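Written out below as structure tokens is the structure these notes cover.
The values are calculated or read from the model by the stated rules, or taken from the named source; none is laboratory data. Note that the structure is predicted; figures quoted are calculated from it, not measured. Cβ: placed from backbone, ideal geometry, glycine included. Neighbour counts: every protein chain shown.
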Amino acid sequence: MDTHSWVLWVGVIAAGLHVLEEYAEGWVYWANEELGPRFGIHVTEAEFFITNALLVFSALAAAAIGWWAPAVSLAVPALFIINAVFFHMLPTARGGRLTPGTLSAVFIYLPVAAWMFAAAADDDVLSFGTVVLSFVLGAALMAYPIAVLVARNRSSSRKARCAERLCAACLDG
């Protein structure tokens, strides 16, 4: 039954290569220029590395879990697909230029994700429910750091407005 789960370890390498490409191509700068104004966020290099360290750790955990919990293990290739389509291919098409990380998303993430799902099918651990749950988990993994960034920046903006009002009140009084 567990003859192809080793391919999950390829996902760890794929995640590492994707992070390297994003960093080398200036993803942090791009995100702050393109996404910052639209979503009211600011990303630091430290946040980039922490978030991507969590991605690599998730890929390691998924590979270690193997087919013991296939929906959990397949959350990583589901995240790869979501990341490639919604965070690289669509923004590239919309912006008319490659976003940092698009090449590895298209030429590494998508084929590796397909290979991982095919391996699960070959080992007879893939069902419709497993696919659906893996995409729900993958979307949650993808959404979590974004939600933290948005919440943090909203909180910072609220604190700044409060401080401005307090200073204005002090100056008026």
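Going by what's in this entry, would residue 27 be described as modelled with pLDDT of 95 or more, buried (at least 18 other Cβ atoms within 10 Å of the Cβ) and not β-branched (Val, Ile, Thr)? Taking the combined requirement at face value, the residue satisfies it.
Based on this model, can you work out whether residue 98 counts as closer than 30 Å to residue 32 by Cα and in a helix (DSSP H, G or I)? So residue 98 fails the test.
Being in contact (Cβ under 8 Å) with a residue 40 or more places away in the chain, part of a helix (DSSP H, G or I) and either touching a strand residue (DSSP E or B) at 6+ places or on another chain (Cβ under 6 Å) or of a type in the set (A, V, I, L, M) (or both) holds for only one residue in 28, 12, 85, and it is 12.
With the requirement that a residue be of a type in the set (S, T, N, Q) and buried (at least 19 other Cβ atoms within 10 Å of the Cβ), what does segment 100-129 give you? It would help to see each step written out before you state the result.
Our first condition is that a residue be of a type in the set (S, T, N, Q); within segment 100-129, this holds for 102, 104, 127.
Correct list: 102, 104.
Name every residue in segment 37-60 that is surrounded by 15 or more Cβ atoms within 10 Å (Cβ to Cβ) and assigned to a helix (DSSP H, G or I), in order of residue number. 47, 48, 51, 52, 55, 56, 58, 59, 60, listed by residue number.
Scanning segment 131-149 for residues that are touching a helix residue (DSSP H, G or I) at 6+ places or on another chain (Cβ under 7 Å) and not aliphatic (A, V, I, L, M), we see that the one that is surrounded by the most Cβ atoms within 10 Å (Cβ to Cβ) is 134.
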